[in-house]
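This report refers to the structure that appears directly beneath it.
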Amino acid sequence: MKLPLSWLKSHVALTDDVATIATHLVRLGHEVEGVEEPRSAVKGVRVGHIIEKKPHPDADKLSLLKVEIGDKQPLTIVCGASNMGEGDKVPVATIGTTLPNGLVIKQGKIRGETSFGMCCSEVELGLADESAGLLILPGDAPVGAEVGELLGLEEAVFDLSITPNRGDCMSVRGLARDLAADSGLELADISIDPVPADSSIALPHISIAAVDGCPLYLGRRIEGVKVSDSPAWIQARLIAAGQRPVNGVVDVLNMIMLDLGQPMHAFDTDSLNGAVSIRITSGGESFEALDGRKLTLPEGDLVVADESAVIALAGIMGSEPSGVTGTTVNIMLESAFFKPAKVSETRRHHGMVSEASMRFERGVDPAMVAVAMEQATTLILETFGGRAGAVSVSGSAGGINAKEPLTFDFSRIEKRLGIEVPESTDAVLSRMGFGVSRSQGKMRVSIPGHRHDVSIPEDISEEYARVIGFDAVPECLPPLATTKPAAVDHSIDYAVADGFVQAISYAFISEAEQRMFSPDDGNDILLENPISEAMAVMRRSGWPGLLGIARHNMNRQQPGVMLVEQGRSYEKNGDGHRENNIMAWLMCGEIQSDQWHTTVRSADFFDMKGAVESWLASNGLTARFMANDDVQGLQAGQSADLFIGKSVVGRIGKVDAAIADHYDIDASVFVAEINLDVLPEGKKAKFQPLPEFPGVERDLVFLFDRTDRVEAILQAVRKAGGNLLTDARVFDRYVGQGVPDGKVSLGVRFTLQDAKRTLTQKDSDGVSAAIVAAMEKIFNAPLRG
């Protein structure tokens, strides 16, 4: 938010220099990101009058202008803009001028034509980040005048970052209130006599059907308005505050919004059909917004409508057909209090943010609704003429944001801040609008209507801290009880040591992403007030977040990614909810680049399996991987459950191609996830001497059904092998000639060893016989000759 100093001084008579005011603003909790001095930055830019415009002979998109700037001869300037015409007045940077962006204006040739200056937009003048063309100055601007003086740019402008909880400070008035209270200065009186109503003008018929979304709505008709450009002083204020002038009526309302924090809107009365109502949409209604978007409104939006159409998304934006233009004669002014939650809900439906919605979502001052109406009416009548009717009032400001006074021990404030708070600071809070009283160590505070962010005693502590200054809070730790140090969790460290990159993703995902890996069983935790539809539910798996990160990297020419995240998943559990601590992995793309000694290799299932096994080994654990073709979101034939003992602790597999396509990932994607809460304690590493006696390695080949699972086979081999067996693995797989259909030949290699003696042939034969018998009994798998 940009705050011109001269505008601020119209509310409070500040005498401090710019640097001191900036310091006070920061202490009061309003971050000053920068201070600009626009006038000095545009010295040498003068008002120019375009007396001739013709096409450039050698460039279709350039024009040759003759511009008077008050010198003896007009200047010839080559210009690339298209929004100007003969008779317009524009800023002209003369030769030798240095613009805010560092550009020094020099005489030069552009496509063969000499240019003796530069016509400027708001961007070149440092007044905006973008523009659609030249800045067109008011028609009464004196030719040759310094543009800095014309636009009132001699003041300093503070660039502020207002925290989301301080909606009351998204206005000049709100910031002036804080500074006046802090400095002990008087805040300017903004009361104004009501505008006399012309009885010949009909009272607008207004009704509120959605009281929960709009407790107060004021409407007033003004007839005979002559809409034109706003006066230079209004345009100067808007430009200094970062706003672009539109037309006279709109500019007045924008200025009132920036001044008082109360957004307003004006409708072209002649475009309205019948009575106006504030209601909730039923779904399927059309709306053409002022920004050109054409929307089909869902059920539940808060809108302003006449008897035939929606004329505004309440608190967000009006409709194009009902908007005020240069031909408008009769208008209806709107000043209302729309509930923050309802405006936020409607705004999220359409991803539509406006200056009005930002203020309504944070909460406006209900006391300013009527004040803004009178100020806007007065200014419009004085500037553009017309006759105003009476104000139609629907609803009441009473009770809006009304809160019970807070009563608590004042020692609670001092303990929280760690300092003694003098009674003199109470006066500062009183000047901010709070009702403050102390008696026998008790404090009673009534909360003003404009402070939507204050509701508990801790909020009052923050108010005192702002007044005193956070720098005054002592830098010392409170007394802490001695406790046993918490165990260090190295889970993520082990994964990173294996080459994975730690990622952190949001715990909120879309419902569509939830359905990719979790069933629609009613156990989702839905957010009541989500930021957007893409962040509407709490995740039940870490995979959607990692897939989004993988897409971001793969779309930026990364050949492959290896990601890991330690976080939580969330789901309903009876009447409550359950949070699971999880580790999630993702691999896709290249995991080995081409070298002189090797070629490119992409990730496969066994790379992911090996990574999980390595991580488990670091934690003193081993797991069995049991094939499971029913893991949602994973490809059948390349998915498995992870077992430790008899418990399922995780899952692993290849992401379905359709899901990978949804994330625009062409490569195969492999994922794994482990629930850390169900992992048993791992074996602690301890020293084991090297074996003194040699081991025995034997190979056996069996004929299995193709449906038999390797993990089950190896588990049976280990059990049959007894204490002498130290390792077992499949070393060969064969299908083809000599192997019946539906069968597969698997070679099993096992190692036998005893730490205390050398094994005999009898030992080896005994274990081999036990394994052969187990394969016959469990799998009906004969030994191949």
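The values are calculated or read from the model by the stated rules, or taken from the named source; none is laboratory data. Just so it is clear, the structure is predicted and the values come from calculations on it, not from any experiment. All Cβ positions, glycine included, derive from the backbone under ideal geometry; neighbour counts span all protein chains shown. The accessibility values were calculated without ligands, DNA or RNA, using every heavy atom of the protein model including side chains. Shrake-Rupley method; radii C 1.70, N 1.55, O 1.52, S 1.80 Å.
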Item to check | Checklist (1) assigned to a helix (DSSP H, G or I); (2) surrounded by fewer than 21 Cβ atoms within 10 Å (Cβ to Cβ) applied to Met352, failing item | outcome: (1)
Item to check | Given (1) touching a strand residue (DSSP E or B) at 6+ places or on another chain (Cβ under 6 Å); (2) open to solvent by 30 Å² or more (accessible area, probe 1.4 Å); (3) of a type outside the set (A, V, I, L, M, F, W, C), number of the condition Gly650 does not satisfy | outcome: (2)
Item to check | Scope region 202-244; condition part of a loop (DSSP other than H, G, I, E, B), within 23 Å of Ile331 (Cα to Cα) and modelled with pLDDT under 90; matching residues | outcome: Gln243, Arg244
Checklist entry - Just checking, which of Ile504, Ile509 is assigned by TED's automatic domain parsing to the domain that holds Met608 and open to solvent by less than 50 Å² (accessible area, probe 1.4 Å)? => result Ile509
Checklist entry - Does Pro298 satisfy the criteria of being within 29 Å of Thr378 (Cβ to Cβ) and either assigned to a loop (DSSP other than H, G, I, E, B) or touching a residue at least 40 places away in the same chain (Cβ under 8 Å) (or both)? => result no
Item to check | Looking only at region 526-545, and only at residues there that are open to solvent by 10 Å² or more (accessible area, probe 1.4 Å) and part of a strand (DSSP E or B), the one that is nearest to Gln632 (Cα to Cα) | outcome: Met538
Item to check | Residue list for region 697-739, filter: within 18 Å of Asp765 (Cβ to Cβ), in contact with a Ser or Thr (Cβ under 7 Å, 6 or more places away or on another chain) and open to solvent by 40 Å² or more (accessible area, probe 1.4 Å) | outcome: Glu697, Arg698, Val701, Thr726
Checklist entry - Quick check: anything in region 433-453 touching a residue at least 12 places away in the same chain (Cβ under 8 Å), over 24 Å from Arg166 (Cβ atoms) and part of a helix (DSSP H, G or I)? => result no
Checklist entry - Pick from region 631-647 the residues that are without any contact (Cβ under 8 Å) to a residue 60 or more places away in the chain and over 21 Å from Thr707 (Cα atoms): which of them is surrounded by the most Cβ atoms within 10 Å (Cβ to Cβ)? => result Ile644
Checklist entry - Does region 546-565 contain any residue that is within 20 Å of Pro519 (Cα to Cα), open to solvent by less than 70 Å² (accessible area, probe 1.4 Å) and aliphatic (A, V, I, L, M)? => result yes
Checklist entry - Restricting attention to region 297-307, does a residue exist that is over 22 Å from Met373 (Cα atoms), among the aliphatic types (A, V, I, L, M) and either over 30 Å from the mean Cα position of the chain (by Cα) or open to solvent by 10 Å² or more (accessible area, probe 1.4 Å) (or both)? => result no
Checklist entry - In region 93-115, which residues are touching a residue at least 40 places away in the same chain (Cβ under 8 Å) and either touching a Phe, Trp or Tyr at 6+ places or on another chain (Cβ under 6 Å) or surrounded by fewer than 19 Cβ atoms within 10 Å (Cβ to Cβ) (or both)? => result Thr94, Gly96, Thr98, Pro100, Ile110, Arg111, Gly112, Glu113
Item to check | Count - residues of region 774-785 that are of a type in the set (Gly, Ala, Ser) and either modelled with pLDDT of 95 or more or open to solvent by less than 30 Å² (accessible area, probe 1.4 Å) (or both) | outcome: 2
Checklist outcome for this item: Here the residues within region 454-483 that are small (Gly, Ala, Ser), assigned to a loop (DSSP other than H, G, I, E, B) and touching a residue at least 12 places away in the same chain (Cβ under 8 Å) are Ser455, Gly469
Item to check | Some residue of region 19-26 being within 36 Å of the chain's Cα centre (by Cα), surrounded by 14 or more Cβ atoms within 10 Å (Cβ to Cβ) and part of a loop (DSSP other than H, G, I, E, B) | outcome: no
Checklist entry - Only one of (1) without any contact (Cβ under 8 Å) to a residue 24 or more places away in the chain; (2) touching a Lys or Arg at 6+ places or on another chain (Cβ under 7 Å); (3) loosely packed, with under 14 Cβ neighbours inside 10 Å is not met by Gly742, so which one is it? => result (1)
Checklist entry - What are the residues in region 244-253 that are farther than 22 Å from Ala305 by Cβ, open to solvent by 10 Å² or more (accessible area, probe 1.4 Å) and either more than 32 Å from the chain's Cα centre (by Cα) or touching a residue at least 12 places away in the same chain (Cβ under 8 Å) (or both), if any? => result Arg244, Pro245, Asn247
Checklist entry - Just wondering, is there one or more residues in region 610-624 that are open to solvent by 10 Å² or more (accessible area, probe 1.4 Å), under 14 Å from Phe517 (Cβ atoms) and touching a helix residue (DSSP H, G or I) at 6+ places or on another chain (Cβ under 9 Å)? => result no
Item to check | Subset of region 193-243 (residues that are outside the structural domain of Val303 (by TED's automatic domain parsing), in contact with a helix residue (DSSP H, G or I) (Cβ under 9 Å, 6 or more places away or on another chain), within 26 Å of Ala314 (Cβ to Cβ) and open to solvent by 40 Å² or more (accessible area, probe 1.4 Å)) | outcome: Pro194
Next on the checklist: Given the criteria surrounded by 12 or more Cβ atoms within 10 Å (Cβ to Cβ), of a type in the set (A, V, I, L, M) and more than 30 Å from Ala180 (Cα to Cα), does Leu134 qualify?
Outcome noted: yes
Checklist outcome for this item: If we ask which residues in region 678-735 are in a strand (DSSP E or B) and among the β-branched types (Val, Ile, Thr), their number turns out to be 4
Checklist entry - Do we have Gly284 as at positive phi and open to solvent by less than 20 Å² (accessible area, probe 1.4 Å) here? => result no
Next on the checklist: For region 139-163, which positions are assigned to a loop (DSSP other than H, G, I, E, B), modelled with pLDDT of 85 or more and either touching a strand residue (DSSP E or B) at 6+ places or on another chain (Cβ under 7 Å) or assigned by TED's automatic domain parsing to the domain that holds Leu175 (or both)?
Outcome noted: Gly139, Ala141, Pro142, Val143, Gly144, Ala145, Ala156, Ile162, Thr163
Checklist entry - From the list Glu414, Glu374, Glu382, which one is open to solvent by 40 Å² or more (accessible area, probe 1.4 Å), in a helix (DSSP H, G or I) and within 30 Å of Gly248 (Cα to Cα)? => result Glu382
